[in-house]
Amino acid sequence: MRLSVLSAVLLGCASMAGCASSSNPTAALSIKPSAEITSSVSKANSPVPEVAVGESRVKTEGAEMLAWAGPGPGSDVFESVTKQSAVPSERPEDAVSAVEMPSEGRSRKRSRVYSQQFRDAHPINFGKRAPKHYQVHGVDVSRWQGDIDWVKLRTQGANFAFIKATDGGDHLDPMFQKNWRRAKEAGIRRGAYHFFYWCRVASSQAEWFIRNVPRDPDALPPVIDAEYNGESSCKKRLTRAQYVEKIKVFSDMLERHYGKRPIIYTAPDFYEDNLSGELKNHPFWLRSVAAHPSKRYPNRRWMFWQYSGSGLSHGVEGKIDLNVFAGSENDWHNWLNGQSNARSASLD
């Protein structure tokens, strides 16, 4: 690449509010996958696909840009993302707990719920409130799980799966499309998650997710993975208000597009610092691998609990994250029906 072209690229990056700073021009131009902070799963020893890279269309300049979150409702950028989406006149029903989601409207055929047969490389004694006492189990996966036998994984107890889709504003998990398609073919209820980069504007990240994750009425709500990323080149810490505002902007854009309120995934340290007592109208997916969520997240109602990052199962090589749904099997079906009806109503 000629020097003039390189300079232009670097100058363009410097003008973007979300670009990570670097004194090394080569490092500034290279885009690397984020570490899998979502779980304790280590990178696989076998070769994994390279991350696909694209370009975000959102520009971060203009008076309408929020100080830390990016463009909000009313801005040209925000409307360009959501103008083709069906926007409900009211926000979908709060999905704070499974019990609050009654079965109404159009009924759907109930899919079989398989009992879990997972093992754990590092089992934990959770006492009387152990994951085994919950009826609906599932997994979350990314490129690091490699080529998954989704049919076999379902029979082992994966009744739902959260699949890594994107992170930041230009990273796409290279296994997402394959996992998204094959999980549905296997009859697994699946949703997509986004790993949030705190140095990038929220609106550009929402647009990137929307460009890469299809709208499917049968899909679970989208997930925002909100946690610290120690492997990121962005070392800046925001205030609690700034973290919450970024999540709100991202969540609102996705809710307008998909017709479902996003789920917030988080870990104990990030939650204690920034989210305790916040975002009470959002469903939460909580990571707690050493104790029941009630001990790590006092007074927080949750919908999904990630209880292990060292699960073992037929259908996938290596370790996999294990999760449970908060309610009973009947609650699960009622909640799924409510999610499908909410999306269908927004399309009517």
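Among the residues of the range 171-181, is there at least one that is touching a Phe, Trp or Tyr at 6+ places or on another chain (Cβ under 7 Å) and open to solvent by less than 30 Å² (accessible area, probe 1.4 Å)? Steps first, please.
Let us first name the residues in the range 171-181 that are touching a Phe, Trp or Tyr at 6+ places or on another chain (Cβ under 7 Å), namely none.
No, the range 171-181 has no match at all.
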For this session: Find the residue count for the range 252-274, including only residues that are within 16 Å of the chain's Cα centre (by Cα) and either closer than 15 Å to PHE196 by Cα or not in a loop (DSSP other than H, G, I, E, B) (or both).
Result: 14
Problem set entry | Those residues of the range 259-268 which are touching a Ser or Thr at 6+ places or on another chain (Cβ under 8 Å) and either under 28 Å from GLY309 (Cβ atoms) or open to solvent by 40 Å² or more (accessible area, probe 1.4 Å) (or both), in sequence order | ARG261, PRO262, ILE264, TYR265, PRO268
Problem set entry | Count of the range 210-229 residues which are outside any loop (DSSP other than H, G, I, E, B) and under 24 Å from ASN274 (Cβ atoms) | 4
Exercise. Looking at ARG119, ARG91, which is the one that is open to solvent by 50 Å² or more (accessible area, probe 1.4 Å), modelled with pLDDT under 95 and not hydroxyl-bearing (Ser, Thr, Tyr)?
Worked result: ARG91
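Give GLU329, GLU272, GLU317, GLU278 a once-over and let me know the one that is open to solvent by 10 Å² or more (accessible area, probe 1.4 Å), free of Cβ contacts under 8 Å to residues at least 24 places away in the same chain and out of contact with any Lys or Arg (no Cβ under 6 Å at 6 or more places or on another chain).
Checking each option against the conditions leaves just GLU272.
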For this session: Output the number of the condition that PHE284 fails; it satisfies all remaining conditions of (1) touching a helix residue (DSSP H, G or I) at 6+ places or on another chain (Cβ under 8 Å); (2) of a type outside the set (Lys, Arg); (3) open to solvent by less than 30 Å² (accessible area, probe 1.4 Å).
Result: (1)
Seminar exercise, completed: Here the residues within the range 182-200 that are in a loop (DSSP other than H, G, I, E, B), crowded, with 20+ Cβ neighbours inside 10 Å and touching a Phe, Trp or Tyr at 6+ places or on another chain (Cβ under 8 Å) are ILE188, PHE196, TRP198
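Condition check ((1) surrounded by fewer than 20 Cβ atoms within 10 Å (Cβ to Cβ); (2) under 27 Å from HIS333 (Cβ atoms); (3) within 13 Å of the chain's Cα centre (by Cα)) across all residues:
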position: ASP216; (1), (2), (3): yes, yes, no
position: LEU220; (1), (2), (3): no, yes, yes
position: VAL223; (1), (2), (3): no, yes, yes
position: GLY230; (1), (2), (3): yes, no, no
position: SER233; (1), (2), (3): yes, no, no
position: LEU238; (1), (2), (3): yes, no, no
position: TYR243; (1), (2), (3): no, no, no
position: LYS246; (1), (2), (3): no, no, no
position: PHE250; (1), (2), (3): no, no, yes
Exercise. Can you find a residue in the range 115-133 that is farther than 13 Å from TYR307 by Cβ, β-branched (Val, Ile, Thr) and outside any helix (DSSP H, G or I)?
Worked result: no
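The values are calculated or read from the model by the stated rules, or taken from the named source; none is laboratory data. As the structure is a prediction and not an experimental result, all values here were calculated from the model. Every residue, glycine as well, gets a Cβ built from its backbone with ideal geometry; the counts of neighbours run over all protein chains shown. These area figures cover heavy atoms from the full protein model, side chains too; ligands, DNA and RNA do not enter into them. Shrake-Rupley method; radii C 1.70, N 1.55, O 1.52, S 1.80 Å.
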